[in-house]
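Some notes on the structure that comes next.
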Amino acid sequence: MTKFFKTALMLALAAQAVIAMETPHTPFKDGYANPVLFYGQTQTLKVRGTETLAWINYALAGGVLSGLQGARLLVYAAAVHQTGVLQVKLAKQLSHPEDATPFSVLQPASDSSVGMATVRTEDAGEMVNIPLDTAFLAALREGRFDGFIFYGTQGLDLELGALESSRGAVLFLDYGHEGITKNTIPPISLHAPSSQPRVIHRDIGMWNMEQSELLTMDSGVNPEKIRSVTVLIRRDVGESEDAVVIPLESAGMTRIIGGRIELSRKSGGLFEHGGFSAENVNRGWIRIEYVD
């Protein structure tokens, strides 16, 4: 396993301290509102102090609770007009339609935030990682989770990527292994019991995503045995320790067709423009979980 592969996994599958086996979830609906206007189908979600709030909800099935150990949000800072702190709070209720959620219903379930991150003007165009604390996990386990509300403090004036722009906030649920630090990689057992999933990792190889919308390759695994596939896309930044790795699901999709894996990016989405066209780098990695 190469040094860069370890670095990429640490950046994309860990919340700073623990490498995790994570499952990404994209928004079910999102929007933003102020006391006068509300929006649900825009390219960005505005957050300005406590007077303009963004909100996001996810469709999470009951099965996501089994083995859950942690969570984080990965948000796209489309524009940062003024540096500040982005606070994430649990919503009391987000049951209105996406384009009919007024400011008056954006009430937090608690005054305490479940996550926060400083967002600077130089972060514009970058992904921002927000670890979520145990209060979010408790709400999820107890059936009290009904979405997030985003507040700005310390002068924050921000535009987040929205579902409609294929840059909605990705919620990662962590099913990782306790005791594995950011300097180690979970071992891949070649002798696991048949009841336990096995994992293999594959390089994507060369993929100019600006020119080619589709890429297919052999999975190397019986398709009937595959249980999950996670694809991480690497931006054109060379062999830097600051490499940016983004889930393909944020602006694309993965399909299993026979014994082949089909990767595709969304037309007009994030991966078609800006930093995903170099032909001299490995475009990313595929994690395949399967059973015997």
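What to note about this one:
- Farthest positive-ward along the stretch 104-177 dipole, Cα basis, beta-carbon charges - from Asn129, Gly143, Gln154: Gly143
- One chain, two ends: Leu68 and Glu126. Fully extended at 0.36 nm per residue, the span grows by 18.1 nm beyond their Cα-Cα distance.
- Each of the peptides 66-73, 220-227 was scored by the mean count of other Cβ atoms within 10 Å over its residues; in descending order, highest first, they stand as 66-73, 220-227.
- Gain on full stretching of the segment that runs from Ile256 to Asp292 - 0.36 nm per residue minus C-alpha separation: 11.2 nm
- Computed from the C-beta positions of Asp146 and Glu279 and an R0 of 41 Å, the FRET efficiency is 0.35 to the nearest 0.05.
- Rounded FRET efficiency, nearest 0.05, which uses the C-beta distance separating Gln211 from Thr134 and R0 of 41 Å: 0.35
- The stretch 53-140 shape via C-alpha gyration tensor axes, a/c threshold 1.5: oblate
- Computing FRET efficiency as 1/(1 + (r/R0)^6) for Gln93 and His201, where r is the C-beta to C-beta distance and R0 is 45 Å, gives about 0.65.
Rule-based calculations on the coordinates, nothing more; no lab input. Given the structure is predicted, the values throughout are model-derived calculations rather than measurements. Neighbour counts run over all protein chains shown; Cβ positions are idealised from the backbone, glycine included.
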